[in-house]
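Note sheet for the following structure.
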Amino acid sequence: MKKLSAAALFVLLVACSSVQLLEVQDSYFLYFGTSRPGGVVTDAEWTAFVEEVITPRFPGFTEWTVEGHWKQQREKTNIVQIVHLHRGDSEQKIAEIIAAYKKRFAQESVFWVRTPAVAQAR
């Protein structure tokens, strides 16, 4: 019986070593338009906002710049994607980021998309 148990344990361990865990996490996309009354949000202002407002709340994220459209106008748009485990305070942190951007740069809105994401680190 001990030989059978040892053999079964060995097979189980070998089988489990090839299993990769996938997690369902939250993925937030935030779209920050840069047109504002009297001009645009500069690259330096955007960098300061990221460092002062976003990074303290979510130290890991991805950002990129695209051309967006709002009210029939083209504008430079900064997109931030944040993928993380679902936590109770995440949506509050996102709301704080949006409120800070709107206040600092006289924006009407920040577009926010939340989707589930299957995440796996390799």
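Kindly evaluate T55 against the criterion of being of a type in the set (S, T, Y) and at pLDDT 95 or above. Yes.
If a residue has to be closer than 19 Å to S27 by Cβ and over 15 Å from the mean Cα position of the chain (by Cα) to count, how many in region 69-93 make the cut?
Taking region 69-93 and keeping what is closer than 19 Å to S27 by Cβ, we get 77-93.
Keeping just the survivors that are over 15 Å from the mean Cα position of the chain (by Cα) gives 77, 88.
The total comes to 2.
Taking region 17-37 as the search range and keeping residues that are among the hydrophobic types (A, V, I, L, M, F, W, C) and within 25 Å of K93 (Cβ to Cβ), which one is modelled with the lowest pLDDT?
To start, the set of residues in region 17-37 that are among the hydrophobic types (A, V, I, L, M, F, W, C) comprises 19, 21-22, 24, 29-30, 32.
Now narrow it down to the ones that are within 25 Å of K93 (Cβ to Cβ): 22, 24, 29-30, 32.
On the way: L22: 67, V24: 73, F29: 95, L30: 96, F32: 96.
Ranking the qualifying residues of region 17-37, first place goes to L22.
Among residues of region 38-61 that are closer than 29 Å to L85 by Cα, those with a beta-carbon under 6 Å from a residue that is hydrophobic (A, V, I, L, M, F, W, C) and at pLDDT 95 or above at least six positions away or on a different chain give the pairs V53/I97; V53/A100; I54/I97; F61/V80. Beta carbons closer than 6 Å, at least 6 apart along the sequence or on distinct chains, pair a first residue in region 71-88 that is free of Cβ contacts under 8 Å to residues at least 24 places away in the same chain with a second that is assigned to a strand (DSSP E or B) and surrounded by fewer than 17 Cβ atoms within 10 Å (Cβ to Cβ) for R74/E67.
Within region 19-73, the set of residues being aliphatic (A, V, I, L, M), under 16 Å from A106 (Cα atoms) and assigned to a strand (DSSP E or B) comprises V40 only. Selection of region 45-68 for residues being more than 15 Å from L30 (Cβ to Cβ) and β-branched (V, I, T) yields only T47.
The values are calculated or read from the model by the stated rules, or taken from the named source; none is laboratory data. The model shown is predicted, which means the values in this text are computed figures rather than measured ones. As a convention, Cβ positions derive from the backbone with ideal geometry for all residues, glycine included, and neighbour counts pool all protein chains shown.
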